[in-house]
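Coordinate-derived values only; no laboratory data. Source: prediction; values computed, not measured. For neighbour counting, all protein chains shown are included, and Cβ atoms are generated from backbone atoms with ideal geometry for every residue, glycine included.
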Amino acid sequence: ASSPSSDAEAVSRFQEYLRIDTAQPTPDYAAAVAFLRDQAAAVGLEARTLEFAAGKPLLLLRWPGRRPSLPSILLNSHTDVVPSEPKKWEHAPLSATLDEASGRIYARGSQDMKCVGMQYLEAIRRLRNAGFVPDRNIYVIFVPDEEIGGHEGVELFVASKEFKELNVGLVLDEGLASPREEYRVFYAERSPWWLTIKAKGAPGHGAKLYDGSAMENLMKSVEALRRFRTAQFDLVKSEEKAEGDVVSVNFAYLKAGTPTPTGFVMNLQPSEAEVGIDIRIPPSVHTEALEKRLAEEWAPSSRNLTFEFKQKGSVLDKLGKPAMTIANSSNPWWPVFEESVKRAGGKLGKPEIFPASTDARYFREVGIPAFGFSPMANTPILLHDHNEFLSKDEYLKGIGIYESIIKALATHKDDGIDEESRAEL
Ligand SMILES: CSCC[C@H](NC(C)=O)C(=O)O
Ligand SMILES: [Zn+2]
Ligand SMILES: [Zn+2]
């Protein structure tokens, strides 16, 4: 159970974690893992640091269950965060300032997703203090590199023998804050495509109108992609489709021109131009069809354009079907999860497709069910934004929610989850 003094301690542990600079592209993973190992020791969990890529540690914690042959629960969080523009924040993003008047804790990672990692540990601390012993093994992992695609983090972990030995039955990973009273829960996600389109073209005088300049070639692509973007966005605005059910297109950067020490040459049409694009594709959309449009319509070689994928995620399982976790009672884990949230006083919205990307896709791809969930209600969605914050009270409420979830998931019942194990007995 919580008390005012234990709550204050939990909040200051959260702030301590937030103050460790794990921003991409140079996250201090060593400091994060050292801090988390201390936390794990204090909670009484076994710890192993695994390193599937040099300098990118993955911390694996274990709370042994009474019946270790049962499928286990894996609680995932990533230790890295996205960079920030400190000057544009009200409180420095590494300060983890607790604004006394509003109760908000400002920090990069306060929503995405240092909150969740620490809430898992705090919930386990409370359950252990109350004498609870899980039936299943409970694993907690703190993983690197999620924000840059997870290739040297969870992608390698899922392929490892260490992972197979865990016999994972269900994964919990990150969700999103909810401005409403209902928590959001996610059963699938869109595929991430990060790509560059490069244009070449004839250089020339800035006063001359001519066809085939690099900028003209590129802007035609940008215009076509914008038309597609508008059509998709209109479906969301008219509430015909949810955010996770349309293709999103956003421009990350534009690069062109001939630089000078003070700016750019203005009367010279450049011979090269480039745009960076972030595209997210729902599981229901055929990526082959989109790739065809990319090659023929958005970046045709006939207009001197080339494209390159920087990230080309897929959300397909081994059979080539969209990797989705069933979020109804035909998946025996679902009612256990759903009821445990309710029991702790939480309300759950309708399960959704996550609009961005998470490491959960790597687990779903190998057939392991995964729910995306971050218990932050009554909170604006500020991940990757300036002034990311989470209120102290929501943070503490989330610990109680995880206490209930972990307790329920850890407990073996005759609910269909452990049919195979029962047959063995
Ligand atoms: C392509 S992996 C990047 C992961 C990141 N996840 C979140 C939740 O912000 C994203 O969607 O951009
Ligand atoms: Zn995240
Ligand atoms: Zn993120």
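In a reduced charge model with +1 at each Lys and Arg Cβ and -1 at each Asp and Glu Cβ, the stretch 316-425 shows a dipole moment near 220 debye about its Cα centre.
Hey, quick one: spin label on E51, modelled 7 Å out along Cα-Cβ, who in the stretch 144-169 has an amide N within reach, i.e. under 15 Å? Zone members listed by number: 144, 153.
Label-to-label distance for Y210 and S330 is 6.2 nm, based on points extended 7 Å past Cα in the beta-carbon direction.
The helix-based estimate of mean residue ellipticity at 222 nm for the chain, built from -39,500 (n - 2.57) per DSSP H run of four or more residues and divided by its residue count, is -9500 deg cm²/dmol to the nearest 500.
Is the stretch 34-165 rounded, prolate or oblate when judged by the Cα gyration tensor, a ≥ b ≥ c being the square roots of its eigenvalues, rounded requiring a/c under 1.5 and prolate requiring a/b larger than b/c? Oblate, because a/c is 1.5 or more while a/b does not exceed b/c.
When the chain is described by a simple charge dipole with +1 on each Lys and Arg Cβ and -1 on each Asp and Glu Cβ, the residue from P355, L294, V143 located farthest towards its positive end is L294. When the alpha-carbon atoms of the stretch 133-277 are used, the pair Rg, Dmax equals 23.1, 77 angstrom.
Round to the nearest 0.05 the FRET efficiency obtained for E240 and H286 when R0 = 22 Å and r is the Cβ-Cβ distance. Display every interim value, and only then the final one.
Details: r = 20 Å, r/R0 = 0.89.
Rounded to the nearest 0.05, the efficiency is 0.65.
Calculated FRET efficiency, E90 to K255, Cβ-Cβ distance, R0 = 30 Å: about 0.45 to the nearest 0.05. Dimensions of the chain from C-alpha coordinates, computed as largest minus smallest value along each principal axis and given longest first, are 79, 49, 45 Å.
Peptides 281-292, 378-389 ranked from most to least packed give 378-389, 281-292, packing being the mean of other C-beta atoms within 10 angstrom over each peptide's residues. Summing Lys and Arg as +1 and Asp and Glu as -1 over all other residues whose Cβ lies under 10 Å from the Cβ of A356 gives a net charge of -3.
Note on K321 and E308: the model spin-label points, each 7 Å out from Cα along the C-beta direction, lie 3.8 nm apart. Overall shape of the stretch 304-350 was characterised from the C-alpha gyration tensor. The equivalent ellipsoid obtained from it has semi-axes of 37, 16, 7 Å, in decreasing order. Taking every Cα-Cα distance in the stretch 191-312 and sorting them into 10 Å bins starting at zero, the pair-distance distribution P(r) comes out as 13, 39, 29, 14, 5 percent.
Magnitude of the charge dipole for the chain, about its Cα centre and with charges confined to Cβ atoms of Lys, Arg (+1) and Asp, Glu (-1), is about 220 debye.
In the stretch 195-250, a dipole from Cβ-located charges (positive for Lys and Arg, negative for Asp and Glu) runs towards its positive end, and of F228, A242, G206 it is G206 whose Cα lies farthest in that direction. All Cα-Cα distances of the stretch 27-111, cut into 5 Å bins from zero to the largest, leave 3, 11, 16, 18, 16, 15, 11, 6, 3, 1, 0 percent in each bin in turn.
Centroid-to-centroid, using Cα positions, the stretch 33-47 and the stretch 322-352 are 30 Å apart.
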